[in-house]
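None of the figures in this text is laboratory data; all of them are computed from the coordinates on show. On a predicted model such as this, the values are computed, not experimentally measured, just so you know. Here the Cβ positions follow ideal geometry from the backbone for every residue, glycine too, while neighbour counts run over all protein chains shown.
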Amino acid sequence: MALTLRLDLRQSQSLVMTPQLQQAIKLLQLTNLELSAYVEQELEENPLLERDEGENSLQDPDEPTDDGFEDGADDSADGMDFAAGDDLSLDVDVDNVWNNDSAQDYPMPERGGGFDGPGQAIEQTLAGTVSLRDHLSQQLTMDLDDPVDLMIGVHLIDMLDEAGYIDGGLDRVAQVLGCGADQVEKTLARLQEFDPPGIFARNLAECLRLQLRDRDRLDPAMEILVGNLDMLARRELAALAELCGVDAEDLADMVIEIKSLDPKPALAFDHTPAQLVVPDVIMRARPGGGWIIELNSATLPRVLVNNQYHARIKGAVRSKDDKQYINECFQSANWLVKSLHQRATTILKVATEIARQQDGFFANGVQYLRPLVLRDIAVAIDMHESTVSRVTSNKYVSTPRGIYELKYFFTPAISSSSGGASHSAESVRHRIREIIEAEKADGVFSDDRIVKLLKGDGVDIARRTVAKYREAMHIPSSVQRRREKARPL
């Protein structure tokens, strides 16, 4: 076949996104506080925008839905002035769309990875200081994959004081989440392995013990010394040496090592005060059952287009450049007002559907988390998965059981062997833990045996999945468990 040059005409369909639409979709990724900062900048730069000091028309908690749920969304735009034009839709798979005609950059608040405005100063490229909360949250999502453990971990991180100690009892966490106190203890033990060493301790002795364990120096003698810090404070060295079973020289070395530890590990990591999480959505119980879902109006920015001022200055300007500037300001103002309203209704739709599908968790506790993926929410509210992903990232909801990021309510599903409803991954992990804890010394279950027991309970699961869940819960293999149970006490 000979290679030749030809000029052909072809027809194709493609989604062309204007810079304004791309920018509107980016607004979905911002929290209410970040959005407020962006709107403040727009108010300074656009003379046709003004702050709306009236009541938030998006909040209408007295209008219930048919299924016992309420949301604060209203399809009307009362108090908002829109210009005529095409409807704005933020439900676009922008990640898979490329438009060469939309190369113009529009400055936006920075979000990690993906939208850089023009003229970025060199000092803005410096790495920012990571807070202790962010540092621990990163380790939490990397080391724990059980949804129950993740939610417990979020609560425990919020309980840390400025020195890195747990401020408050664990019974309160178990009560709020509706889970057992033993599971909170197990999750705390996992978190106490995080960096910096000594974090999540409940007292000074435990803080020192965690740091010694991290250094592999927590031998029996050191354990006794840490357990009797009051004697060390009173300088009862002879009694301590006898109690620890060491001579004076060894005790002196042990005391030096104790003094080298950090009694306040959080202060060594950063000195910035913990920033409170401000929820974007508020959820409260509705009398008679169900939930009321509404946006946090305290942080939700509201703006209006000043049509009177626009009409006055539009008739006063004479030059072509001035007219073009006024038209651009008017279009930009209308776009911002409309996109803010669309953003609010989109967030409320997603949050309301999450509350509906996870009603068991909110009503009965963390053990009732049901399997949920982005597609489930997207299909229910007739939106694209990428839209749901943007809404659930960096958005927090205040619930009767605490404040959570919306993405925490998504957990994978495991199919049923009997054709019934799927099982959540969390409930399957819990069942595996129960099976192993019920083992006898002469009846240790292999992973294959656990698979058969789970299938008897109606859970269709592969052996490699059981092994993965077991290892994630730091449970040794059947061979190791058999050796441990056969070892004399």
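What to note about this one:
- Net length gained if the chain between GLU242 and ARG217 were fully extended (0.36 nm per residue, minus Cα distance): 7.1 nm
- A simple spin-label model places pseudo-atoms 7 Å from Cα toward Cβ; at LEU33 and LYS320 they are separated by 4.8 nm.
- Whole-number percent relative contact order across the range 132-274, with pairs defined as alpha carbons under 8 Å at least 6 apart: 25 percent
- Fewest-first ordering of HIS341, HIS474 by other beta carbons within 10 Å of each residue's beta carbon gives HIS474, HIS341.
- With both labels modelled 7 Å from their Cα along Cα-to-Cβ, the ILE256 to GLN175 distance reads 4.8 nm.
- Gyration tensor (alpha-carbon) shape descriptor, the range 261-357, a/c threshold 1.5: oblate
- Separation of the ARG234 and GLN357 label points, Cα + 7 Å toward Cβ, nm: 6.1 nm
- Neighbour-count order for ASP182, ASP216, ASP262, fewest beta carbons within 10 angstrom listed first: ASP216, ASP182, ASP262
- Relative contact order, percent, the range 197-297 [alpha-carbon distance under 8 Å, six or more residues apart]: 21 percent
- Rounded to whole Hz, the Karplus (6.51, -1.76, 1.60) HN-Hα couplings of the range 30-35, x for glycine and proline: 7, 6, 4, 5, 5, 5
- With R₀ set to 30 Å, the beta-carbon distance separating GLU53 from GLN331 gives a calculated FRET efficiency near 0.80.
- Length gained when the stretch ALA467-LYS485 is fully extended (0.36 nm per residue, less Cα-Cα span): 4.5 nm
- Anisotropy class of the range 132-274 from Cα gyration tensor, a/c 1.5 cut: prolate
- Taking other Cβ atoms within 10 Å as a rough exposure proxy, LEU43, LEU251, LEU136, LEU7 sort from fewest to most as LEU7, LEU43, LEU251, LEU136.
- Integer Hz, Karplus 6.51/-1.76/1.60 couplings in order for the range 338-349, x for Gly and Pro: 5, 5, 5, 5, 5, 4, 4, 5, 5, 4, 5, 4
- Take every Cα pair under 8 Å whose residues are at least 6 apart in sequence, average their separation, divide by the length of the range 267-376, and the relative contact order is 20 percent.
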